[in-house]
Amino acid sequence: MIIEEKKIAELESLRQNLKKKAIIVLVIFIIITVVGIVLSLINFLNDDLPFTLFYIGFILIIIGVVGTLLGVNRINIKLINAFKNAFSGDYLKELYGEDYKTFPKQGLSLSYLMQSDVLRNPDRYTSKNLFVSTYKGIGIEGSDYVAEFIHTTTDAKGNTRRVTYSYPGKAYVFTFPRQFNNYFCCFEKDSKTEFYKSPSRKTEVEFESVDFNKKFNSYSSDDTFAFYLMTPQVQLSLLEFDELVDSKIVFVVDQNKLYVFMNSYSTKAKVSVFKKIDEKIVRNYLLELSIPLKLIDDFDVDKNKFLDQNLK
């Protein structure tokens, strides 16, 4: 997809206008904060003044800090929404095809994703921003998720403490025509949290690539199947993908599906009214929109070995 200079110019123009508003918000609430600090200091240094002055100063400080954060954040959201509007609709249909559909309030179910045999059952699970499409005969499903585990501890005095650990990420499921009879999965090292587990009754596999083995732990029901899927080019592509995208990746090939989990995900397309919008930012943003297509390409899912149903 060609990045239109006109669209970048329009977004940069909007950013500059929003930046002016953000600066006004900052100035107003910084002044309020400074006044609050001054009043609090005056009261602190002069015991003869009523203590009410300190409370007024303290309240102004809170108003100033909260107003700064909320005000700038609301303006940033306007810019983020402008990005979404600029690269939705026709852009996404151009990427994925005319059957691309989104369901913001829905997500991939936990029971569906647990078929990958690498997930544990969390105490709470939520998912949203579901999208579905078909690309070169391959079904694509994706959504964001948050898995939560609640731990309860009791000390010697009988005091109970509950701590919730959250594990957010992105999940994609690709469905291809060919049905495999073997299983393969790969964990990026340091990706395992309590949400993930090693697959049952699978043995560890090592490949010839030292760099890949340093980065990933691999398991399969059959070594030959593992080497069939993970060609040297696929291994290299996944290493390059890992450099482009800031996350810990877990993937599974089972029957006619490729499951991809991206946990500890962090966007590189950071949009801010205080950061100039240029081609690099837009490219990072579009890369994130097209992650599923890049995964298809890197895994060779659009090649004959995944598409030909007659292969054994």
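The values are calculated or read from the model by the stated rules, or taken from the named source; none is laboratory data. Owing to the predicted nature of the structure, the values given are computational and were not obtained by experimental measurement. Note: ideal-geometry Cβ built from the backbone for every residue, glycine included; neighbour counts use all protein chains shown. Surface areas here come from the heavy atoms of the whole protein model, side chains and all, with no ligands, DNA or RNA. Shrake-Rupley method; radii C 1.70, N 1.55, O 1.52, S 1.80 Å.
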Revision key, fill the gap. Pseudo-spin-label distance residue 111 to residue 98, built 7 Å along Cα→Cβ, given in nm, is 3.5 nm
Review point. For residue 105, which lysines qualify as cross-link partners when the Cα separation must be under 26 Å and same-chain residues fewer than eight apart are set aside?
Key: 78, 84, 93, 128, 170, 248, 257, 268, 270, 294
Review point. Given H placed 1.01 Å from N in the peptide plane, which residues other than close sequence neighbours of residue 192 have an amide H under 5 Å from its amide H?
Key: none
Check your understanding: So what's region 95-191 giving for Rg/Rh, alpha carbon basis, Kirkwood Rh from the mean inverse pair distance?
Key -> 1.11
Check your understanding: From the Cα gyration tensor of region 1-129, with a ≥ b ≥ c the square roots of its eigenvalues, which class applies: rounded if a/c is under 1.5, or else prolate if a/b is larger than b/c, or else oblate?
Key -> oblate
**Study point:** Distance between modelled label sites at residue 56 and residue 201, nm, 7 Å Cα→Cβ extension
**Key:** 7.6 nm
Review point. In vacuo Debye scattering of the chain, one point per C-alpha: log10 I(q)/I(0) at q = 0.10 Å⁻¹?
Key: -0.74
**Study point:** Within the accessible area of the chain (1.4 Å probe), percent carbon and sulfur
**Key:** 55 percent
Point to revise | the chain, accessible area per residue, ligands and nucleic acids excluded (1.4 Å, Å²) | key: 56 Å²
